[in-house]
Amino acid sequence: MKKTAFRQPTARPLTAAAENWVAESSQADPAPRPKPVPAEKAARLTIDLPPDLHASFKAACAKQRTRMVDEVRQFIEDWTQKHA
């Protein structure tokens, strides 16, 4: 059986841009923690959205560092409290 020699990888120093990116991200506010979902069995809701609306919603949630499901759940909670 033929043996193949492998070189151990060497660490490269980070560039100034990478160092700045890490420093900026560590100073930013941490992502908000999602509210815990009740322990009871959840009911599933499926909706169809136009692709452009879905993409816009997904981008807006990513910008806010929230999950889409948390935003939809919050909207439904607020709406049902208002209309109950």
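Values in this text are rule-based calculations from the coordinates and carry no lab data. These figures come from a predicted structure and were not determined experimentally. We place every Cβ from the backbone using ideal geometry, glycine too, and count neighbours over all the protein chains shown.
Between P13, P36, P51, find the one with the highest GNM mean-square fluctuation for the chain; connect C-alpha pairs within less than 10 Å.
Comparing P13, P36, P51 in the GNM, the peak value goes to P13.
For the chain, what does -39500 (n - 2.57) per DSSP helix run (n ≥ 4), summed and divided by total residues, give at 222 nm, in deg cm²/dmol to the nearest 500? Don't jump to the answer; show the numbers that get you there.
Numbers: 3 runs with 42 residues, N = 84.
Helices in the chain give a 222 nm mean residue ellipticity of -16000 deg cm²/dmol.
Tell me, what is the FRET efficiency for T10 and D52 to the nearest 0.05, using R0 = 35 angstrom and their Cβ-Cβ distance as r? Walk me through the intermediate numbers first.
Numbers: r = 46 Å, r/R0 = 1.33.
According to the calculation, E is roughly 0.15.
Let me check I have the definition right: for the chain, take the eigenvalues of the Cα gyration tensor, multiply each by 5, take square roots. What are those semi-axes in whole Å, largest first? Please list the in-between numbers first.
Working: eigenvalues 367, 89, 48 Å².
Output for the chain: semi-axes of 43, 21, 15 Å.
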